[in-house]
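Notes for the one structure printed next.
Just so it is clear, none of the values below were taken in a lab; they were calculated from the coordinates. Computed from a predicted structure; not experimentally measured. Neighbour counts are summed over all protein chains in view; Cβ atoms, including those assigned to glycine, are modelled from backbone coordinates with ideal geometry.
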Amino acid sequence: MAKHIQAIRGMKDILPQQTPLWQFLEDSVRAVLSRYGYAEIRMPILELTELFKRSIGEVTDIVEKEMYTFEDRNGDSLTLRPEGTAGCVRAGLENGLLFNQVQRLWYQGPMFRHERPQKGRYRQFHQIGVESFGLAGPDVDLELILITARIWKALGLQDLQLQLNTLGTAAERSQYRKELMSYFHDCYDSLDEDSRRRLESNPLRILDTKNPEMAELVAAAPSLMGHLGDESREHFEQLCAGLDAVGQAYLVNPRLVRGLDYYARTVFEWVTDQLGAQGTVCAGGRYDGLVEQLGGKPVPAVGFAMGLERLIALLEQTDLAQRLPGIDLYLVTVGEQAQREGLLLAERLRDAMPGLRLISHCGGGSFKSQFKKADKSNARYALILGDDELARGETGLKPLRGEGTQQQVKISELVDLLNARL
Ligand code: HAM
């Protein structure tokens with residue numbers, strides 16, 4: 001026999017026993033987003049490589065090392081999207097959605113980054129992203145954070161910590177960058193290899209280092225807060241005041257810089273200590289310069305994306321999966337007539353009870369083998385229909401999950417009984 005072809009490293013199948021949790025997650029997030037008036041947008045998974053170079057930034061890990069880039073048959077350089085913001089801005093520009101108007105958008109789907117796979121880090125992963133365009137004030141930054149907090153509540157997730165920072169405007173950051181460069185130059189000998197590489201190209205990223213030997217050095221580095229102009233400071237203070245007013249806890253983390261270049265002013269992350277090294281489940285911020293950078297007129301924008309695999313990993317640590325509704329009924333039939341009538345009965349039940357999850361046994365077999373399948377389906381009840389029962393206008397209802405013994409029910413009374421039980 002030929003050898004199985006395996007999935008690509010870092011790309012996982014999401015199996016039928018896992019999809020109920022995924023659907024719960026996706027449905028919950030969708031419901032919250034629609035309550036805030038956000039509308040879904042769907043973009044292609046492939047974009048021109050240039051889009052990501054111009055938005056995420058040439059000297060970022062994503063663009064330098066992680067993109068799945070290839071030439072198509074026309075010789076165009078295409079890239080599997082590593083994130084959704086760039087494509088969302090491109091789509092907004094192309095379809096005239098961004099100027100002189102406010103847009104509240106969200107999207108979901110797979111993203112691709114050629115990172116070193118580990119727990120919580122994959123090469124194909126899924127995000128739900130949320131972007132708002134046309135609003136410059138901190139009120140919408142606050143709205144986005146409140147949305148995320150409401151999503152955690154809907155999911156029953158506690159213990160997520162909100163971390164917050166401001167990166168100032170591009171001009172403020174460029175001034176700060178010079179000072180940071182000179183600080184790190186002065187202690188060049190203590191820098192690790194990665195930081196030396198970043199020193200000229202992207203010194204702010206040094207602040208984000210995970211190397212414990214660099215911690216002291218980074219802690220003593222000059223802070224961006226000291227380089228903010230009045231407007232940026234006020235923007236940040238108003239956001240913090242808004243969070244205080246609604247009682248949302250947060251930690252200002254001056255070392256929070258993010259790995260994509262398009263951010264300005266507010267950046268935030270929701271982190272957990274339950275997932276090991278990959279503890280950021282949601283991240284985003286303001287990117288007021290990006291629309292212009294991609295060829296449009298300036299439009300203020302802010303957004304975030306959640307990593308669904310990481311949220312699923314958190315949900316798997318709870319008992320949620322056991323509490324999600326499964327199959328209600330598994331219909332077992334004995335005899336030819338019962339089999340024919342059974343299918344009709346199943347359809348009548350589905351008509352009468354829109355929420356009912358019913359599997360009709362297919363493929364024949366003895367009562368015993370059908371019953372085994374009923375048990376394996378995890379259904380709450382087996383509905384048993386034999387020719388004898390049919391003749392009496394009855395059916396048997398047998399609990400499969402230890403809730404009592406089999407009971408004979410008049411078919412005419414079945415819907416009422418099921419409505420009461422399920
Ligand atoms: P990001 O921080 O690169 O931001 O990704 C957002 C989230 O996606 C991360 O916090 C994490 O939960 C998840 N994630 C990222 N990479 C992986 C991976 N390799 N495996 C599993 N999960 C991962 C963005 O993508 C921005 N577009 C967010 C944004 C939207 N900013 C403004 N609007």
Amide H contacts under 5 Å for A382, restricted to residues at least 5 apart in sequence or on another chain and with H modeled in the peptide plane, are Y330, K398, L400
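Helix-only mean residue ellipticity at 222 nm, the chain, DSSP H runs n ≥ 4 weighted -39,500 (n - 2.57), per residue, nearest 500. What is it? Could you put the intermediate results ahead of the total?
On the way: 15 runs with 158 residues, N = 422.
Calculated mean residue ellipticity at 222 nm is -11000 deg cm²/dmol.
DSSP loop trypsin sites (Lys or Arg not before Pro) in region 139-174 with at most 10 other Cβ atoms within 10 Å of their Cβ, which ones? Write out the running numbers ahead of the final one.
Values: sites: R150, K153, R173; in loops: none.
Sites meeting the loop and neighbour criteria: none at all.
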With the charge dipole of the chain built from beta-carbon charges (+1 for Lys and Arg, -1 for Asp and Glu) about the Cα centre, the Cα from L349, I384, G96 projecting farthest to the positive end belongs to I384
As straight-line cross-link partners of K410, the qualifying aspartates and glutamates (C-alpha separation under 16 Å, not fewer than 8 residues apart within one chain) are E341, D387, D388, E389, E394
Loop-resident GluC sites (Glu not before Pro) in region 318-422 with no more than 16 other Cβ atoms inside 10 Å, DSSP not H/G/I/E/B, are E403
Packing-ranked peptide list from 223-235, 50-62, highest mean Cβ count within 10 angstrom first, is 50-62, 223-235
Applied in sequence order to region 309-325, the curve 6.51 cos²θ - 1.76 cosθ + 1.60 (Karplus, θ = phi - 60°) yields integer Hz couplings, x standing for Gly and Pro, of 4, 6, 5, 4, 4, 5, 5, 5, 7, 9, 9, 4, 3, 5, 8, 6, x
The size of the Cβ-based charge dipole (Lys, Arg +1; Asp, Glu -1) of region 340-422 about the Cα centre, to the nearest 20 debye, is 420
Given unit charges at Cβ for Lys, Arg (+) and Asp, Glu (-), the dipole magnitude of the chain about its Cα centre in debye, nearest 20, is 1220
Of 191-202, 101-112, ordering from highest average Cβ density within 10 Å down gives 101-112, 191-202
Checking rank on 135-142, 73-80, with mean other Cβ inside 10 Å and highest first, the result is 135-142, 73-80
The ³J(HN,Hα) series, computed from each phi in region 351-359 with the Karplus coefficients 6.51, -1.76 and 1.60 at θ = phi - 60°, rounded to the nearest Hz and given as x for glycine or proline, is 5, 7, 10, x, x, 5, 10, 10, 9
From the Cα centre of region 341-404 to that of region 261-336, the distance in Å is 38
Beyond 23 Å (Cα-Cα) in this structure, taken from K3/K119; K372/K398; K12/K65; K3/K372, we find K3/K119; K3/K372
